[in-house]
Ligand code: C5P
């Protein structure tokens, strides 16, 4: 049986958020944001190990106590200049543990509201899949394309459009090779697509949001508090 592992790229500076420290350390529901993210993965019984990929310059991680997350957590300070590079470096750090056919779940540090139900849906729906896939939600809003003056140039059809989320789950060997060959992608599915494969879309919901701007942080906190976390 293939094993399940997780990699959490957490080496971004959070420039769009504009805080003093990387956004994954901002407090939310009484803990650093990334604590909630890692806790969801470490609590998942199917996942054997979780690598968190930090920047070599990270000075905040060591200031917190992470022991309550348990023994599955591995910390590596090998983040790169892009998300794809951080993930590729994390995959190399996992090399001694992971076999080619093992599943690797890559999950953004900045998505703290991941649930056990979402993880179960992803693992169950992809268990026999030849390619792997990602959590995603069908686009709900009408989409407008802007011109240079921020006026509507066109209304884009939203049929068949989905918003990609994470975790993104692929076989270790396939993902390692795809990211090495296609490093310019913004998510793992992009590398798998560039390799000529079609990742499956597993429906999640919008509570699995990525904290990018300050208003997202408040929303994520309300979601966690609403669940009693
Ligand atoms: O910036 P954004 O929110 O899109 O980043 C998504 C995830 O990728 C975050 O968890 C961030 O820490 C991570 N990342 C990384 N290395 C980079 C850039 C982003 O690990 N160089």
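Readers should treat all values here as calculations from the given coordinates under stated rules, not as data from a laboratory. All figures in this text were calculated on a predicted structure; none of them were measured in a lab. Neighbour counts are summed over all protein chains in view; Cβ atoms, including those assigned to glycine, are modelled from backbone coordinates with ideal geometry.
Is segment 25-100 rounded, prolate or oblate when judged by the Cα gyration tensor, a ≥ b ≥ c being the square roots of its eigenvalues, rounded requiring a/c under 1.5 and prolate requiring a/b larger than b/c?
Values: a/c = 1.99, a/b = 1.18, b/c = 1.69.
Oblate is the answer for segment 25-100, as a/c is 1.5 or above yet b/c matches or exceeds a/b.
If we count other beta carbons within 10 Å of each Cβ, what is the order of 86, 13, fewest first? Don't jump to the answer; show the numbers that get you there.
Working: 86 25, 13 12.
Least to most surrounded, the residues fall as 13, 86.
Starting from the Cα gyration tensor of segment 88-229, take the square roots of the eigenvalues, sort them a ≥ b ≥ c, and report rounded, prolate or oblate (rounded when a/c is under 1.5, otherwise prolate if a/b is larger than b/c, else oblate).
Because a/c hits 1.5 or more and a/b fails to exceed b/c, segment 88-229 counts as oblate.
Would you please classify the overall shape of segment 148-229 from the alpha carbon gyration tensor, given that a ≥ b ≥ c denote the square roots of the eigenvalues, rounded means a/c under 1.5, and beyond that prolate means a/b larger than b/c while oblate covers the rest?
Because a/c hits 1.5 or more and a/b fails to exceed b/c, segment 148-229 counts as oblate.
For 170, 77, 17, which order do you get if you count the other beta carbons within 10 Å of each Cβ and list the fewest first?
Arranged by neighbour count, lowest to highest, 170, 77, 17 become 77, 17, 170.
Can you tell me which of 46, 200, 16 moves the most in a GNM of the chain? Springs connect C-alpha atoms under 10 Å apart.
Judging by the Gaussian network model, the answer is 16.
Would you mind ranking 210, 198 so that the residue whose beta carbon has the fewest other beta carbons within 10 Å leads the list? If you can, show how the numbers build up before the last one.
Values: 210 17, 198 11.
Sorted ascending by nearby Cβ count, the order is 198, 210.
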